[in-house]
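> Okay, here's the structure, questions in a sec.
Derivation of every value follows stated rules applied to the coordinates shown; laboratory data play no part. None of these values were measured; they are calculated from a predicted model. Counting neighbours? That spans all protein chains shown, and the Cβs are built from the backbone with ideal geometry, glycine included.
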Amino acid sequence: MLLGVKAIVETHYNILSVKEDASYEEIRTSYRSAILNSHPDKLQKTSETSDPDQELRERFLKVQRAWEVLSNLRLRAVYDSELRDLRQDAVAADDISLEDMMVEDSGDALELFYQCRCGDYFSVDSLELGKMGYVLLREGNKISLQTPDASLASVVLPCGSCSLKIRLLINSDIFISIDDSLA
């Protein structure tokens, strides 16, 4: 759970007591231990006469949610990206959509770019997006960007030269024509 920019951040990694570069096996082992320690059935056995504490139930749900995100490669990549953005205290100069981006086909990948005020470009390619858990789909002369869970998401892109950043809002329902945007 990400609490706020200036607040102490309780991450899924903190909840499972693992490092951010932990392997799947390390995460799974920690999850199993955490889920056993906070499982409601176990809590009822230790406290037959009273209702299990609400905080412990919430802890169980947090552990469960952390496992759902960190055990899925795509969701983990998106979560890591959002966590990095939060830590950078990223303030974007503009919010843009896929429709605002220009597209260039380099053969190996499609590159999306947007011109900065300084004259340089904000850019990201389909390979980088893939590492973050997003899929850039090409259907004939149109492209779309898919999120892992089909929800609205965003990626913060830095300018190649200056300190400005933009936020690329990702909506799976938007398609752009490659013919219109090739430079």
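> List, in order, the whole-Hz ³J(HN,Hα) value for each residue of region 153-161 obtained from phi through the Karplus relation with A = 6.51, B = -1.76, C = 1.60 and θ = phi - 60°; use x for Gly and Pro.
Calculated HN-Hα couplings, in order: 9, 8, 10, 8, 10, x, 6, x, 10 Hz.
> From the phi angles alone, apply the Karplus equation (6.51, -1.76, 1.60; θ = phi - 60°) to region 115-126 and give each ³J(HN,Hα) in whole Hz, x where the residue is Gly or Pro.
For region 115-126, the Karplus-derived couplings read 6, 8, 4, 7, x, 7, 10, 8, 8, 7, 10, 5 Hz, x marking Gly and Pro.
> In the structure displayed, which of 19/62; 19/131; 19/165 lie more than 24 Å apart, Cα to Cα?
Exceeds cut-off: 19/165.
> In debye, nearest 20: dipole of region 66-125 around its Cα centre with unit charges on the Cβ of K, R (+) and D, E (-)?
I would put it at about 340 debye.
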